[in-house]
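A.B. asks: Take this structure first; my questions come after.
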Amino acid sequence: MTTAKARAVDGPDKPFRAAEIQRRDLDLHDVLIEIKYAGICHSDIHTAHGEWGPVNYPLVPGHEIAGIVTEVGSEVTKYKVGDRVGVGCMVDSCGECENCQKGEEQYCLKGNIPTYAGVDKYGEPTQGGYSTHIVVIEDFVVRIPDNIELDVAAPLLCAGITTYSPLNRWNAGPGKKVAVVGLGGLGHMAVKIAHAMGAEVTVLSQTLNKKEDGLQFGAENYYATSDPATFEKLAGTFDLIINTVSAKLNLDAYFSLLTLDGTMVNVGAPGEPLSLNVMSLIGHRRSFAGSMIGGIRETQEMLNFCAEHNIVPNIEIISADQIDEAYQRVLASDVKYRFVIDTSTM
Ligand code: NAP
Ligand code: ZN
């Protein structure tokens, strides 16, 4: 076993505290990773606060993990000690079902094993990246390209892949008008990636406060959704809308911005149900879809794409003692644009 230093939370309203957790001895195909940086995703907050259902506390969140391999199991073939690697939102899956066979392990029919708040195949609760070490089976580890520093690599493991996957699937590219709703962690990655794919990108944010940033990330247009004129002006405009908002939204207003056959993909995952009026879809043969992270192969593809296009997130590095404060700032939409924990401060 490896004893890792970690930050854990004991209940929905509790602050983070220092903790020690045990990481299992390496199985044949496991790698031990010394975590250097861990991003803070809004999903960590939904989970820690119990918004997605009951949680077994204490909980160590974190599924944007970047670090260095320090030990490998006896049959590991993909990685060696010293490799720069990442781990995202899942650490295992059945490997046998139709979806796993297709490389869509996130949609494993038996349920993928999430990096935290899950139970692994040994029956142990999984604990995430707000810690100094993690043990993961090699098939769920990805390689971080040499030209991406570890601190900025971390958020790519969730915010990067969660936006890359639907942009890729719904063919964001030249000639396509893509709107990104919400300029937070996921949203700012969506803007950068969609722009690099060649699409014309528009940001739909609550206010114009971050307009300069949005344009710098590659958006050509930027509108405030608090201004009703925005919805009149942009009616019927977008081929694709990526909704990254972490809270309830008036979906129908956004459907009205889609073209004929346009699609709105929800990646935002608020705890409460969203409602819609089907008439807003029927009228223009519009689609409403969801998308969850991405498979391991696609995650590696995303990292290579970001390396090739020099895309990295904008981050604010914090110490382990600042997690509660960072959560408050994320909840206040005051994040520019991802908090990343330096695990050497654990
Ligand atoms: P984030 O950094 O907090 O960004 C969310 C953004 O949404 C905010 O910056 C804000 O942007 C906007 N927003 C927040 N509250 C709003 C409200 N009441 N009305 C309108 N807009 C609002 O969060 P994130 O880490 O990017 O995650 C976003 C969501 O995606 C979360 O629900 C998270 O759980 C989910 N998620 C899903 C997946 C998946 O696989 N599908 C993966 C990761 C995360 P503006 O200030 O620009 O308005
Ligand atoms: Zn996430």
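A.B. asks: Which members of the stretch 223-250 meet the condition of being of a type outside the set (Asp, Glu), more than 24 Å from TRP170 (Cα to Cα) and part of a loop (DSSP other than H, G, I, E, B)?
C.D. replies: Result: SER226, single match.
A.B. asks: Something else now. Considering each of LEU109, LEU208 in turn, give the residue that is more than 16 Å from ligand 1 (Cβ to nearest atom) and either free of Cβ contacts under 8 Å to residues at least 12 places away in the same chain or more than 20 Å from the chain's Cα centre (by Cα) (or both).
C.D. replies: LEU109
Quick grid of which residues meet (1) assigned by TED's automatic domain parsing to the domain that holds SER319; (2) closer than 22 Å to ASP44 by Cβ; (3) part of a helix (DSSP H, G or I); (4) out of contact with any Lys or Arg (no Cβ under 6 Å at 6 or more places or on another chain):
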site: LEU167; (1), (2), (3), (4): no, no, yes, yes
site: PRO174; (1), (2), (3), (4): no, no, no, yes
site: HIS188; (1), (2), (3), (4): no, yes, yes, yes
site: ILE193; (1), (2), (3), (4): no, yes, yes, yes
site: GLU212; (1), (2), (3), (4): no, no, yes, yes
site: ALA219; (1), (2), (3), (4): no, no, no, yes
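A.B. asks: Counting just the residues of the stretch 38-57 that are surrounded by fewer than 16 Cβ atoms within 10 Å (Cβ to Cβ) and over 29 Å from ILE68 (Cα atoms), which one comes out farthest from ligand 1 (Cβ to nearest atom)?
C.D. replies: PRO54
A.B. asks: Could I ask something else about it? Just to verify a result, which residue in the stretch 283-307, among those that are of a type in the set (A, V, I, L, M) and farther than 13 Å from THR162 by Cα, is surrounded by the fewest Cβ atoms within 10 Å (Cβ to Cβ)?
C.D. replies: It comes out as ALA289.
A.B. asks: Select from the stretch 26-45 the residues that are farther than 22 Å from THR343 by Cβ and touching a residue at least 60 places away in the same chain (Cβ under 8 Å) and list them in ascending order.
C.D. replies: The answer is ASP27, HIS29.
A.B. asks: Let me ask another. Test ALA219 against the criterion of being within 10 Å of ligand 1 (Cβ to nearest atom), without any contact (Cβ under 8 Å) to a residue 60 or more places away in the chain and touching a helix residue (DSSP H, G or I) at 6+ places or on another chain (Cβ under 8 Å), and give yes or no.
C.D. replies: no
A.B. asks: Also, quick follow-up: Inside the stretch 325-346, can you point out the residues that are away from ligand 2 (no atom under 16 Å from the Cβ) and in contact with a strand residue (DSSP E or B) (Cβ under 6 Å, 6 or more places away or on another chain)?
C.D. replies: Matches in the stretch 325-346: ASP342, THR343, MET346.
A.B. asks: When you look at THR3, is it within 19 Å of THR343 (Cβ to Cβ) and surrounded by fewer than 17 Cβ atoms within 10 Å (Cβ to Cβ), yes or no?
C.D. replies: In short, yes.
A.B. asks: I'd like to know if the stretch 195-203 contains one or more residues that are out of contact with any Cys (no Cβ under 8 Å at 6 or more places or on another chain), of a type outside the set (D, E, K, R) and within 9 Å of ligand 1 (Cβ to nearest atom).
C.D. replies: Within the stretch 195-203, one or more residues are out of contact with any Cys (no Cβ under 8 Å at 6 or more places or on another chain), of a type outside the set (D, E, K, R) and within 9 Å of ligand 1 (Cβ to nearest atom).
A.B. asks: Look at TYR37 and say whether it is under 30 Å from GLY187 (Cβ atoms) and either within 16 Å of ligand 2 (Cβ to nearest atom) or of a type in the set (D, E, K, R) (or both).
C.D. replies: yes
A.B. asks: Condition first: within 16 Å of ligand 2 (Cβ to nearest atom), part of a strand (DSSP E or B) and over 30 Å from PRO273 (Cα atoms). Can you find one or more residues in the stretch 56-73 that meet it?
C.D. replies: Yes, some residue in the stretch 56-73 is within 16 Å of ligand 2 (Cβ to nearest atom), part of a strand (DSSP E or B) and over 30 Å from PRO273 (Cα atoms).
A.B. asks: Would you please list the contacts, defined by Cβ atoms under 9 Å and residues six or more apart or on different chains, that run from a residue in the stretch 258-281 that is on the phi > 0 side of the Ramachandran plot to a residue that is away from ligand 2 (no atom under 16 Å from the Cβ)?
C.D. replies: Listed pairs, sorted by first residue: ASP261/ASP239; ASP261/HIS284; ASP261/ARG285; ASP261/ARG286; ASP261/SER287.
A.B. asks: Just a yes or no: is a residue in the stretch 251-258 aliphatic (A, V, I, L, M) and either part of a strand (DSSP E or B) or assigned by TED's automatic domain parsing to the domain that holds ASP44 (or both)?
C.D. replies: Yes, there is a match, as at least one residue in the stretch 251-258 is aliphatic (A, V, I, L, M) and either part of a strand (DSSP E or B) or assigned by TED's automatic domain parsing to the domain that holds ASP44 (or both).
A.B. asks: When you go through (1) assigned to a loop (DSSP other than H, G, I, E, B); (2) in contact with a strand residue (DSSP E or B) (Cβ under 9 Å, 6 or more places away or on another chain) one by one for GLY111, which number turns out not to apply?
C.D. replies: GLY111 satisfies all of (1) assigned to a loop (DSSP other than H, G, I, E, B); (2) in contact with a strand residue (DSSP E or B) (Cβ under 9 Å, 6 or more places away or on another chain) except (2).
A.B. asks: Name, by its number, the condition in (1) among the hydrophobic types (A, V, I, L, M, F, W, C); (2) closer than 18 Å to VAL181 by Cβ; (3) not assigned by TED's automatic domain parsing to the domain that holds ASP13 that does not hold for MET279.
C.D. replies: The single condition MET279 does not satisfy is (2).
A.B. asks: Separate question: Go over the candidates ALA247, ALA253, ALA229, ALA224 one by one and state the one that is surrounded by fewer than 18 Cβ atoms within 10 Å (Cβ to Cβ) and under 12 Å from LEU183 (Cβ atoms).
C.D. replies: ALA224
The values are calculated or read from the model by the stated rules, or taken from the named source; none is laboratory data. Just so you know, these numbers come straight off a predicted model, no measurement behind them. Cβ coordinates were reconstructed from backbone atoms using ideal geometry, including for glycine residues, and neighbour counts include every protein chain displayed.
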